[in-house]
Amino acid sequence: MNLRHIEVFYAIMQAGSVTGAAQLLNVTQPAVSNVLRHAEQQLGLKLFERIAGRLQPTPEAYDLFPDVQEIFGRIGTLNRMIEEMQGGRTGRLAVAASPTLVNAFLPKAIARLKTYGAQVTILALPTAIAVERVARREVDIGFVYGPVTDPGVIAEALAESDLVCAVHRRSPLAKHKVLEPHHLASTSVVSTGRSTRIAVATKEACDAHGLPTPTVSVEVNSSLAACLMAAEEVGVGLVDFATANQYISPDVVFRPFRPKVVLHLYLIFPKDRPQSRTTARFAQALRELVTVNHRPAK
């Protein structure tokens, strides 16, 4: 039986007549009769007998019907899945992002996807590892600090942010409008590790101005953690302004750091791989969230 045979057989079993099957399939009655005749010839079996003027399924037809029902059940499932894909109500999404950016932006971006029922996996990873995961196609999208030079990814410069100092409001340093390396020499500094983009960008900016790079006393994995440390008066946090925008505490104030340290935010995608509707929707949500309060990338 080919698919057309199966479709006509199923319609006749449902409708109980050739006329009813023709109406279900939106074709003529002779067209249904011809397909049924051809199916029976192919099978070498009678599927229906006309008894007392009515079409009655043969025992062979009843034997075939459960399997045919299962086929159409799976087709129905397939059609519903396609409708959900078309409406963006389903899909899988794996995201790799720098921990600071996970805390600052991903909750709101994911909230925008919630309506569509996507299954989401978020991996908070150091930038280098996040880029590697995207290049190896282990995740659908990355959100990281730049620059990004891996040839296995497509990098989209999204926005720029600045490094700022998170200071407890009772600290004497809170009185300054701007904080420089010499201000931080006599206090504990809390920030991300030496190999992170925040640390590397800070060193590059200080070196360019002939200034000492602040020594980090307490290493944390994200700017949010540094803000929390500042709230407990552990020290001054060197944090991304993106986090400062998201973190609200009556005990912490933020001061610009000089020399100016510019942080570049990137979306990255696997090279030579089409984006799913869910990935595209998530990327657009991030674009909107990030560019509202940050400078567009140059």
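A few remarks follow.
- Taken as a whole, the stretch 186-193 holds no residue that is closer than 16 Å to Arg258 by Cα, surrounded by 15 or more Cβ atoms within 10 Å (Cβ to Cβ), out of contact with any helix residue (DSSP H, G or I) (no Cβ under 7 Å at 6 or more places or on another chain) and of a type in the set (Gly, Ala, Ser).
For every residue, the table says whether it meets (1) open to solvent by 10 Å² or more (accessible area, probe 1.4 Å); (2) within 14 Å of Ser161 (Cβ to Cβ); (3) without any contact (Cβ under 8 Å) to a residue 12 or more places away in the chain.
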residue: Ala208; (1), (2), (3): yes, no, no
residue: Ser217; (1), (2), (3): yes, no, no
residue: Ala226; (1), (2), (3): no, no, no
residue: Ala230; (1), (2), (3): no, no, no
residue: Phe241; (1), (2), (3): yes, yes, no
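- For His264, the conditions (1) closer than 25 Å to Val148 by Cα; (2) surrounded by 20 or more Cβ atoms within 10 Å (Cβ to Cβ); (3) out of contact with any helix residue (DSSP H, G or I) (no Cβ under 7 Å at 6 or more places or on another chain); (4) not charged (D, E, K, R) are fulfilled apart from (2).
Matching residues to (1) closer than 20 Å to Met1 by Cβ; (2) modelled with pLDDT of 90 or more:
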position: Gln42; (1), (2): yes, no
position: Leu47; (1), (2): yes, yes
position: Arg54; (1), (2): no, no
position: Thr58; (1), (2): yes, yes
position: Glu84; (1), (2): no, no
position: Asn103; (1), (2): no, no
position: Leu113; (1), (2): no, no
position: Ala118; (1), (2): no, no
position: Val148; (1), (2): no, yes
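- Of all residue pairs spaced 6 or more apart or on separate chains, those with beta-carbon atoms under 8 Å, a first member in the stretch 38-50 that is open to solvent by 60 Å² or more (accessible area, probe 1.4 Å) and a second member that is part of a helix (DSSP H, G or I) are His38/His5; Gln42/His5; Leu45/Glu60; Lys46/Glu40; Lys46/Glu60.
- The lone criterion from (1) surrounded by 17 or more Cβ atoms within 10 Å (Cβ to Cβ); (2) touching a helix residue (DSSP H, G or I) at 6+ places or on another chain (Cβ under 8 Å); (3) modelled with pLDDT under 90 left unmet by Asn293 is number (1).
- Residue count, the stretch 97-138 (criterion: within 15 Å of Ala280 (Cα to Cα) and in a strand (DSSP E or B)): 2
- The sole residue among Pro181, Pro259 that is in contact with a Cys (Cβ under 8 Å, 6 or more places away or on another chain), open to solvent by less than 40 Å² (accessible area, probe 1.4 Å), in contact (Cβ under 8 Å) with a residue 40 or more places away in the chain and of a type outside the set (Gly, Ala, Ser) is Pro259.
- The single condition among (1) buried (at least 19 other Cβ atoms within 10 Å of the Cβ); (2) touching a Leu at 6+ places or on another chain (Cβ under 6 Å); (3) outside any helix (DSSP H, G or I) that Val148 does not satisfy is (2).
- Elements of type helices (runs of 4 or more DSSP H) in the stretch 1-63, at least 3 residues being over 22 Å from Gly73 (Cβ atoms), touching a Pro at 6+ places or on another chain (Cβ under 8 Å) and among the basic types (Lys, Arg): none
The values are calculated or read from the model by the stated rules, or taken from the named source; none is laboratory data. Remember, predicted model here, so these are calculated numbers, not experimental data. Note that each Cβ is placed from the backbone with ideal geometry, even for glycine, and that neighbours are counted across all protein chains shown. We work out accessible area using only protein heavy atoms, side chains counted, and drop any ligands, DNA or RNA first. Shrake-Rupley method; radii C 1.70, N 1.55, O 1.52, S 1.80 Å.
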